[in-house]
Amino acid sequence: MQRTNRYAALVLACCTAFTASAQNDDNSPAKLWNDLSSALPKRSSGGGKERNPVTLMGTVDWQKTTEEMGVLLGRSQGTPIEPYAMYYLATFQFNQGEIEAATGLFTGLKEQFPDHPLVKAKLVDGARSHVDAALEDCKREGDWLQRYPRKATKAPEIDPSRTVVLSLPKGDVVIGFYANVAPKHAEQFIKNVKDGVYTNTIVGRIQPDLAVQFGFKESEKGRITPSDPSKGTPPPIPFEFSKASHKRGSVSMMRNLGQPESHGTLFEIYLKEYPAEDFNRTVLGEVLSGIEIVEELSRQNRDQFEYPATTTFVKTARVAKK
Amino acid sequence: MPSAVRRGRPALWCLAVLLAAAVGRAQDPPKPPALPPNWSQMSPEEQAKWREEMKRRMAGRQDPPAGQSPEDRAKAMRDEKARTREEMEKALKIEAPADRDAVKATYVVGGETKEIKAGEFYDAYLRLSKFEERPGVPVTEDKVFEHLLTLAEARALGFDCTVEEFVAGDPLEKNATLKAETKKLWERQGITEELYRAYEIERRIAQKARDFHLNTARVSSQSVFDAYKGDRFTYRVQYVAFGASEIAEEMQKTPPAEADLLRFWNDDKGVQNQFRTPTTVDAEFVFFDQSSGGDGSADPASAASAVSYEEALSYYRRNKERLDELLTSEQRAKVQPTGKVDPSEIASPFDFLRPQIEKEIRASGRVRVAFNEAKSAPGGDLKALAEKYKLGYASFSKAERQAFVADPRFGLQIFGSLFNAEAGKLSGDLTTERQTQFFWRLNGKAASALPDFSTVKDRLGKAYYETAANGRAADAAKAARAELDAAVDAELKNEIDQRNTAADQNADREIKARNVSDQKQIDEIKARHRQIAQQQLTPVRNIAAGRVFDKIAQSKGWKVEDTGDFELQPARFGQAAPAEQPLAEARLAVVKSQQTLRSMPIGSVSQVVSDGGTKSHYLMKLAERKEPDFSKISESDYLRLRGQAERTVGQQAMSRNMYHELSRRMNLQTR
């Protein structure tokens, strides 16, 4: 038994030493700086030959970003990177609305690293340090949220009870709806389908591997007619922006010709991430199956309106049976 | 005189006039450039320098010396351009300092003043010029300062880059072959490994700072609310409407004199157009519509069945746009190959479309035969001809343009072709519009004409009252505003006098500085400064007008309406109100859509606002503007505005690392 225990302790010690050394390589300052930079959601354009694009458009997934930074903070304990990771994490929590957590982290940073430049150097307007300025912002934001509390923003969820099937020449495309965040859009779309609005409409503008437009009448090829209930067309819909971002498979309603509302019938299916359209068009759902059909459609030859050179019809549109 | 010359005379005259104008323009001296806006603030030395520079530039614009050829002139301009570029590059080039320890500039970071030595500055310039200079984009002093200040701030924040970090992240350190090749390139460019390392380390430090500022920008609810407020303020407005309808009612009690009506008729083109008789045509069409499904072909044995190459090509050219749409994707890929194809596979659209073209021409065979017969018997019965060949027939009598828009079988442009033809003539050839082939005959036309006043004077009353009443309403509104202004002038007399005096003093200073002696220029300068003073006074006057508004409204018996609280509506741009909407409601809608309310100070009165839809002229006093209740913001609006706020703070974070922001924030003082 004693020999077994000694043997087990030796194995455990070796494993620990091996793991520690492996971790040390993973947690070297050089590696940590690199990982920290990769974990940042936004890149600035700097001098020199590398000019990374600025990702300012669209939304940041703060939850995911916060989680990644939390892991990095754990790894950077006791290294020069730790205070920076704390500061980043606290900021991400602030931007997520977790003011108490952010305040705790900023305060912790001030207490643990009182001589660090983030705490000591008066580099912010008003002769304040970065941490002091952040704590002031936390206080103001906390007071504001007490006056105007916000409910957590709902994540978009597909409503399994309502799907629509578009029959295209090469197959069916099934669309599901985010009825919890865009209920009016979902309602209107399904009504359009039931009223036969989309049957025998043509595919509109196609942008290869980016997006395809649907819902156009053949007689109005090349034009976008505004939604106008007085002319018997479905009415426009007030925007219903949410956390749903434009990505591959997103279905979003086109805008009603420069107005601050969605068109009543015309919609687009996106084939890749396109956050520039977030908060410009309402994402009402996503393609559940058949995205490759839309992708192939986007690669057709185009005429002068950028419509498919061979007119492509939506044969039928129907609400799928549960 | 030969007829060709006679016909060409108007064109020759036009050409002569254009040539004379061009020569005249060439002989005009070049106009002197406008003075820069800050002229009066410039020192005499700066003004002299500016004048010299302008003279030099103007020299390039003067007429070439006599005898200089266009080629020489072009060469002289190119040389001047190259010389200007050389001078600019020379001016921007940074020379090695005589004394490396001399202080080039000072700045403040973290409350401490620091120095940039000339040697340090020059070394940084050398590094940046080796790695960041591009053709036509030299590294300037500003760029070097931007780099050094960014580094200083980054280091003050504790950012650094160790050699280990550099080695771990540098692609050259991981790839010996790449490093060897790069070193050869460096040798030619005068770059050493040490220089590269120093530059890369600095670049990484600066990048860390930039990323830090960009990613630690906090988005506050206050910023979202500030954006929300802009569209959601609640306004309350007191307004007076001077409307045409009230005045028209009064005017109708006294019918207008004939002389007034005649003057109105002669002056108002809009009213004339209401009574103008439209342009009309009388025309007949014989056609075959392919889409009707029938067969329009002629007897196969007839000549109309044979389609020659020339005829097919001519047909294709006339209908190219429509026919090209019929090409399939596969055919289009051969017409416009995207990759390598065998030349034998490349075809023209005409090759693919020829069968369709011949089919269409043959399908219109009967129309062609009928057309030829109509040509051979001018003035014949086209209706009978259409029946004979089992073709469609349409007749239009005194038809306006709109008739052909409502019946677009023959194209929306056919009216123009008809009106430009001679009466009694057939169309020159068959025309194809979509899937209809046709020919036509114009039997008559009548140009638009203005009826005589005597025939319309009895119908002018309504238009007269509307227009005259609207004019009087506008005058009443202007008079009301003038009343307010007069009261304001009295109240603000001292301030107005003070500002006018200051304006005159500024004008005198400018006149003296520029040494102006021409009286006309002196008057212009004085008028300009007075105008600036008036513009600065406008918001002050508008607020003062608000104070006297109630008193004057009461004394004059104006009917002041109150809107109650409302949110601003989209701008209407003079849309006519719906016919069934009561006038009071329509006027309220006009006031509620005035975008100027956003920027008006509370308590101020607007200038006269005229609206064609309600034929009314308004004076509006902004009584209240309240911030919205943020708790009522919808989720959709909140997310949209928050996204916007994120973009704004991101952009602000980026601009904080630019030279102008850095130099301001760090109080850069150059020597």
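Per residue, the average separation of C-alpha pairs within less than 8 Å and at least 6 apart gives chain A a relative contact order of 16 percent.
Amide hydrogen proximity for A:THR201: with H placed 1.01 Å from N in the peptide plane, the residues at 5 or more positions away or on another chain lying under 5 Å are A:VAL314.
Charge dipole (Cα centre; +1 on Lys/Arg Cβ, -1 on Asp/Glu Cβ; no other charges) of the range B:605-671 amounts to roughly 360 debye.
A:TYR88 contributes an accessible area of around 10 Å² to the protein surface, as traced by a 1.4 Å probe with all chains present. Residues of the range B:171-216 that lose at least 40 Å² of accessible area (1.4 Å probe, protein heavy atoms only) when the other protein chains are present, relative to their chain alone, are B:ARG203, B:GLN207, B:ARG210, B:ASP211, B:PHE212, B:LEU214, B:ASN215, B:THR216. Counting only protein heavy atoms and a probe of 1.4 Å, the accessible surface of chain A is 53% carbon and sulfur.
Probing with 1.4 Å while keeping every protein chain in the model, the per residue accessible area of chain A equals 50 Å². Using a probe radius of 1.4 angstrom, the carbon and sulfur fraction of the accessible surface of the range B:577-656 is 52%. Over chain A, dividing the summed -39,500 (n - 2.57) contributions of all DSSP H runs of at least 4 residues by the number of residues returns a 222 nm mean residue ellipticity of -12000 deg cm²/dmol.
Rounded to the nearest 500, the helix-only mean residue ellipticity at 222 nm of chain B stands at -18500 deg cm²/dmol, with each DSSP H run of n ≥ 4 adding -39,500 (n - 2.57). Applied to the range B:343-355, the Karplus parametrisation 6.51 cos²θ - 1.76 cosθ + 1.60 on θ = phi - 60° returns per-residue 3J(HN,Hα) values of x, 5, 8, 7, 9, 9, x, 4, 4, 6, 8, 4, x Hz, with x for Gly and Pro.
Probing with 1.4 Å while keeping every protein chain in the model, the per residue accessible area of chain B equals 58 Å². At the residue level, A:TRP144 shows approximately 20 square angstrom of accessible surface with a 1.4 angstrom probe and all protein chains present. Under a 5 Å amide H cut-off, with hydrogens placed 1.01 Å from N, A:VAL283 pairs with A:SER242 among residues at least 5 apart or on other chains.
Summed over both chains, the accessible area lost when A and B associate is about 4800 Å², using a 1.4 Å probe.
Short to long, the 10 Å bins of the Cα pair-distance histogram for the protein assembly as shown hold 2, 7, 10, 12, 16, 19, 16, 10, 5, 2, 1, 0, 0, 0 percent of all pairs.
The mean count of C-beta atoms from other chains within 10 Å of the C-beta of residues in B:308-320, rounded to a whole number, is 0.
Averaged over peptide B:635-646, the number of partner chain Cβ atoms lying within 10 Å of each residue's Cβ comes to 6. Heavy atoms only, probe 1.4 Å: what % of the accessible area of the range B:332-415 goes to carbon and sulfur, would you let me know? Whole-percent figure for carbon plus sulfur exposure: 52.
Comparing each chain alone with all protein chains together (probe 1.4 Å, DNA, RNA and ligands left out), the residues of the range A:273-322 losing at least 30 Å² of accessible area are A:PHE279, A:ASN301, A:GLN304, A:ALA309, A:THR310.
The values are calculated or read from the model by the stated rules, or taken from the named source; none is laboratory data. Keep in mind that what you see is a predicted model, and the values were worked out from it rather than measured. Counting neighbours? That spans all protein chains shown, and the Cβs are built from the backbone with ideal geometry, glycine included. Note: accessible area is taken over every heavy atom of the protein model, side chains too, but ligands, DNA and RNA are not part of it. Shrake-Rupley method; radii C 1.70, N 1.55, O 1.52, S 1.80 Å.
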